[in-house]
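Peer 1: Below: one structure in structure tokens.
The values are calculated or read from the model by the stated rules, or taken from the named source; none is laboratory data. Everything quoted here is computed from the prediction, not taken from an experiment. Quick reminder, even Gly has a Cβ in these numbers, built from the backbone with ideal geometry, and neighbours come from all protein chains shown.
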């Protein structure tokens with residue numbers, strides 16, 4: 001026989017693929033996020049991964065466009081989606097007449113960006129997004145609810161020590177306007193680096209783009225205002241900046257903070273931070289970032305904000321919204337790297353391994369069927385071989401319980417349920433086994 | 001102000017996108033399939049949607065290769081996966097040393113095929129696959145378990161009247177061998193059409209490829225054997241065909257049937273059908289097709305079978321397996337077209353709409369938080385306006401309950417829980433509301 005030709009099995013760099021035990025942990029996180037989003041009444045959405053380039057790239061230019069996977073098939077110019085926001089804008093515009101507003105949707109799915117691969121950055125990754133889209137107007141209470149979703153999500157993921165940083169772009173923009181600063185975008189970009197490069201460097205950069213010493217100092221002083229949420233609001237009011245947008249921003253921020261209390265979000269889990277600006281012109285009101293305090297180097301694990309107009313590329317209707325996104329693939333990867341996720345050995349949903357003997361196969365299948373009918377994941381070991389090898393299979397997969405179905409067991413109806421972690425065996429009938437596994 | 005330029009929002013033909021109420025039904029089906037697969041101990045897997053063309057297309061030629069979305073990004077020759085089987089073969093070969101065998105995995109995800117779009121065929125669609133992969137050998141009991149999974153899945157999806165058709169390729173191949181028929185593939189292809197074109201036409205086609213009258217008659221007589229599973233097996237044995245593969249096939253089929261009983265699959269839900277052949281050379285043993293008896297025109301809704309060697313393109317290791325696939329997008333579409341899914345009006349996960357008055361916003365948020373903490377999906381109506389409009393929002397989304405949080409309610413702690421379907425109102429405290437919603 002000729003030697004078989006094989007292609008070396010491999011995947012592309014920058015693509016995530018997990019082994020079973022890791023996949024179980026990843027899926028658990030995804031499921032937790034999904035469940036939390038649904039508890040807040042967000043509607044699941046699913047859009048095509050491939051869209052028309054002309055539609056998907058209606059706005060994008062520069063860096064984004066370069067990263068997009070774009071190709072032709074037949075006469076069609078196609079692109080893989082690079083986020084879930086553009087498809088949402090397209091969806092809401094396209095189906096406007098068939099949707100009920102405010103439209104609250106969540107979308108968990110893969111997006112694609114042909115970035116240079118680097119540690120912790122992926123070319124294909126999961127985003128978990130929620131957005132609330134209003135028609136013409138949208139109450140600011142929604143901004144507080146979004147913060148409550150962030151809180152509930154990270155609590156449900158098992159975190160306690162995290163801070164949701166809160167700001168409002170109107171405060172920033174109004175303040176800059178009052179100083180007569182024209183290039184707000186540039187100033188915002190510099191402020192955004194406060195944490196990274198420090199106050200002195202920020203001052204220098206501000207002056208380098210033409211701010212006077214006085215204005216640069218005011219900006220740094222302004223973003224340096226610290227304290228409790230209410231203290232910060234008081235301090236902002238005390239600046240007596242005469243600018244309507246500035247005042248509006250403070251009012252909105254105060255409203256959001258008042259409602260957060262009613263949502264029972266503990267005051268230790270959020271803070272006003274005037275240094276966060278979230279990019280350039282997309283956001284127009286409330287903005288969020290979320291920091292795991294024990295792992296600050298991970299950066300923001302959940303960000304978003306309020307925008308005036310979701311879909312101006314697809315409709316003349318005004319659709320204001322507020323939303324957030326969790327980059328799950330990156331978050332998972334970084335938590336695993338940081339050792340936060342622990343070492344899970346469970347590499348299967350199975351709760352029990354049922355081990356038949358040759359002559360008891362039928363009874364073992366019946367047992368498995370009963371256990372499964374009770375909603376418990378059960379696996380049967382069909383291979384023949386030594387009993388040790390069978391238990392070792394349960395052990396390798398991290399299946400918590402195993403039971404041997406021998407002739408004695410079949411005759412008496414009493415089975416030895418082995419706890420694989422402790423080695424303890426309990427003698428139980430089928431009903432008790434089911435109760436034990438459910439507990 | 002200049003007139004705003006907008007791009008008409010639309011998606012490509014052949015791509016499925018659902019409105020919220022439909023998406024809820026689709027997700028429910030997906031969740032049911034996933035849960036059933038997990039109950040049988042299948043491990044979740046997720047592989048990249050983009051792979052190296054050289055790896056993904058190691059074997060494929062002809063029609064498949066033409067349908068693949070293949071493109072370049074930088075120096076890379078990439079392709080979107082067109083099924084979940086090739087990625088499984090690649091995954092198992094690549095991670096062989098880190099997996100435990102038999103390896104049972106499920107994979108639910110989108111695949112891509114640039115087919116000519118036609119009614120009910122999609123270019124991007126969900127497949128829901130399970131496979132059990134052995135190393136070197138794999139017990140035939142697994143083939144019975146797979147049939148049990150099919151049964152449990154369609155039961156869980158709400159079907160009663162369906163038939164899982166069962167056959168074994170060794171019986172077919174052995175029988176043809178005994179007649180000295182060389183071109184088995186061609187004969188299989190013709191037999192596969194029995195249901196569509198009828199016995200006379202099949203006879204003609206068989207003769208047209210060179211079978212003698214006698215052999216063509218034998219073939220038709222053979223695939224025409226009908227009866228209960230055991231009768232068919234008896235009739236097959238009575239043919240006294242002297243061919244080892246034929247006998248082996250009958251033994252395997254009998255074994256599978258014996259075990260199906262132990263899995264408690266009702267005899268009305270499966271049948272041996274010697275006319276099913278499932279394509280050409282991939283399958284080597286047991287094969288399955290599943291028919292919804294009230295909607296036979298939909299064709300097989302779940303198919304699969306046993307194969308000798310999963311991954312010969314990627315490894316010299318022998319990896320026999322057995323698996324099935326449900327094409328969920330197509331199944332969903334066809335069930336909806338057939339009117340099987342009914343008209344679901346529920347377009348949100350929310351179980352209750354909480355309606356605050358202006359002065360009770362905080363109390364409404366607190367109520368929502370309590371309900372959500374009990375795991376119940378709740379939504380708050382933040383927009384101001386007439387009460388009728390608020391109830392109409394609940395109605396449009398199909399939210400089953402609504403409650404107004406007025407000052408009286410806040411003072412007494414007793415709320416009127418309105419059943420949106422009947423209009424009935426029950427006066428309940430928060431605890432009772434939660435109990436009612438959980439029930």
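Peer 1: Output the qualifying pairs, or none if there are none: Cβ atoms under 9 angstrom, residues six or more apart or on different chains, first residue in the range A:344-361 and without any contact (Cβ under 8 Å) to a residue 24 or more places away in the chain, second residue surrounded by 17 or more Cβ atoms within 10 Å (Cβ to Cβ) and assigned to a strand (DSSP E or B).
Peer 2: These pairs meet every condition: A:361/A:380; A:361/A:405.
Peer 1: Suppose the filter is more than 10 Å from chain B (Cβ to nearest Cβ), touching a helix residue (DSSP H, G or I) at 6+ places or on another chain (Cβ under 7 Å) and at pLDDT 95 or above; does residue A:86 pass it?
Peer 2: Spelling it out, residue A:86 is indeed more than 10 Å from chain B (Cβ to nearest Cβ), touching a helix residue (DSSP H, G or I) at 6+ places or on another chain (Cβ under 7 Å) and at pLDDT 95 or above.
Peer 1: Out of everything in the range A:41-74 that is assigned to a helix (DSSP H, G or I) and within 8 Å of chain B (Cβ to nearest Cβ), what residue ends up being farthest from residue B:368 (Cα to Cα)?
Peer 2: A:54
Peer 1: Grab the strands (runs of 3 or more DSSP E) fully contained in the range A:91-175, keeping just those with 1 or more residues being at pLDDT 95 or above, over 26 Å from residue A:49 (Cβ atoms) and more than 9 Å from every other protein chain (Cβ to nearest Cβ).
Peer 2: Hits in the range A:91-175: A:162-168.
Peer 1: Against the definition (surrounded by fewer than 21 Cβ atoms within 10 Å (Cβ to Cβ), assigned by TED's automatic domain parsing to the domain that holds residue A:132 and modelled with pLDDT of 95 or more), how does residue A:325 come out, yes or no?
Peer 2: Yes: the conditions hold for residue A:325.
Peer 1: Taking the range B:331-352, which residues are within 11 Å of chain A (Cβ to nearest Cβ) and not in a strand (DSSP E or B)?
Peer 2: Hits for the range B:331-352 are B:346, B:347, B:348, B:349, B:350, B:351.
Peer 1: Identify the single condition in (1) surrounded by fewer than 14 Cβ atoms within 10 Å (Cβ to Cβ); (2) at positive phi; (3) within 13 Å of chain B (Cβ to nearest Cβ) that residue A:413 does not satisfy, given that it satisfies every other one.
Peer 2: Unmet condition: (3).
Peer 1: May I pose another question? For the range B:371-399, what are the residues that are more than 37 Å from the chain's Cα centre (by Cα) and within 23 Å of residue B:439 (Cα to Cα)?
Peer 2: Scanning the range B:371-399 gives a single hit, B:391.
Peer 1: Considering only the range B:245-262, I want to know if a residue exists there that is out of contact with any strand residue (DSSP E or B) (no Cβ under 7 Å at 6 or more places or on another chain) and either assigned by TED's automatic domain parsing to the domain that holds residue B:339 or over 28 Å from residue A:362 (Cβ atoms) (or both).
Peer 2: no
Peer 1: Separate question: Looking only at the range B:218-238, which residues are part of a loop (DSSP other than H, G, I, E, B) and over 13 Å from residue B:172 (Cα atoms)? Explain how you work it out, then say what you get.
Peer 2: The first filter runs over the range B:218-238 and keeps only residues part of a loop (DSSP other than H, G, I, E, B), leaving B:224-228.
Within the range B:218-238, B:226, B:227, B:228 meet the criteria.
Peer 1: Just to verify a result, which residue in the range A:13-37, among those that are surrounded by fewer than 19 Cβ atoms within 10 Å (Cβ to Cβ) and over 25 Å from residue B:87 (Cβ atoms), is nearest to the other protein chains (Cβ to nearest Cβ)?
Peer 2: A:35
Peer 1: Do we find a residue being more than 26 Å from residue B:222 (Cα to Cα), in contact with a helix residue (DSSP H, G or I) (Cβ under 9 Å, 6 or more places away or on another chain), modelled with pLDDT under 95 and within 11 Å of another protein chain (Cβ to nearest Cβ) anywhere in the range B:289-311?
Peer 2: At the first step, the residues of the range B:289-311 found to be more than 26 Å from residue B:222 (Cα to Cα) are B:294-295, B:298, B:309-311.
Still in the running and in contact with a helix residue (DSSP H, G or I) (Cβ under 9 Å, 6 or more places away or on another chain): B:295, B:298, B:310-311.
Checking the rest, the ones that are also modelled with pLDDT under 95 come to B:295, B:298, B:310-311.
Narrowing the set further to residues that are within 11 Å of another protein chain (Cβ to nearest Cβ) leaves B:311.
The answer is yes; a qualifying residue exists.
Peer 1: Mind listing whichever residues of the range A:1-40 are touching a residue at least 40 places away in the same chain (Cβ under 8 Å) and either under 25 Å from residue A:116 (Cα atoms) or outside the structural domain of residue A:115 (by TED's automatic domain parsing) (or both)?
Peer 2: Residues satisfying the conditions are A:12, A:13, A:14, A:15, A:16, A:19, A:22, A:26.
Peer 1: Follow-up. Looking for something free of Cβ contacts under 8 Å to residues at least 12 places away in the same chain and either in a strand (DSSP E or B) or closer than 23 Å to residue A:109 by Cα (or both) - is there at least one such residue anywhere in the range A:291-299?
Peer 2: Checking the range A:291-299: at least one residue is free of Cβ contacts under 8 Å to residues at least 12 places away in the same chain and either in a strand (DSSP E or B) or closer than 23 Å to residue A:109 by Cα (or both).
Peer 1: Mind telling me which of the residues B:385, B:375 ends up being more than 8 Å from chain A (Cβ to nearest Cβ), surrounded by fewer than 23 Cβ atoms within 10 Å (Cβ to Cβ) and part of a loop (DSSP other than H, G, I, E, B)?
Peer 2: The match here is B:385.
Peer 1: Another question about this same structure. Going through the range A:418-435 one residue at a time, which ones are touching a residue at least 24 places away in the same chain (Cβ under 8 Å) and closer than 17 Å to residue A:367 by Cα? Explain how you work it out, then say what you get.
Peer 2: Step one: filter the range A:418-435 for residues touching a residue at least 24 places away in the same chain (Cβ under 8 Å), giving A:418, A:420, A:430, A:433-434.
Selection gives A:418, A:430, A:433, A:434.
Peer 1: I would also like to ask the following. Among the residues of the range A:353-372 satisfying the criterion of being in contact with a helix residue (DSSP H, G or I) (Cβ under 6 Å, 6 or more places away or on another chain) and not in a helix (DSSP H, G or I), which is surrounded by the most Cβ atoms within 10 Å (Cβ to Cβ)?
Peer 2: The residue in question is A:353.
Peer 1: Against the condition modelled with pLDDT under 95, part of a helix (DSSP H, G or I) and within 21 Å of the chain's Cα centre (by Cα), how does residue B:36 come out, does it pass?
Peer 2: Considered against the rule, which asks whether it is modelled with pLDDT under 95, part of a helix (DSSP H, G or I) and within 21 Å of the chain's Cα centre (by Cα), residue B:36 comes out as no.
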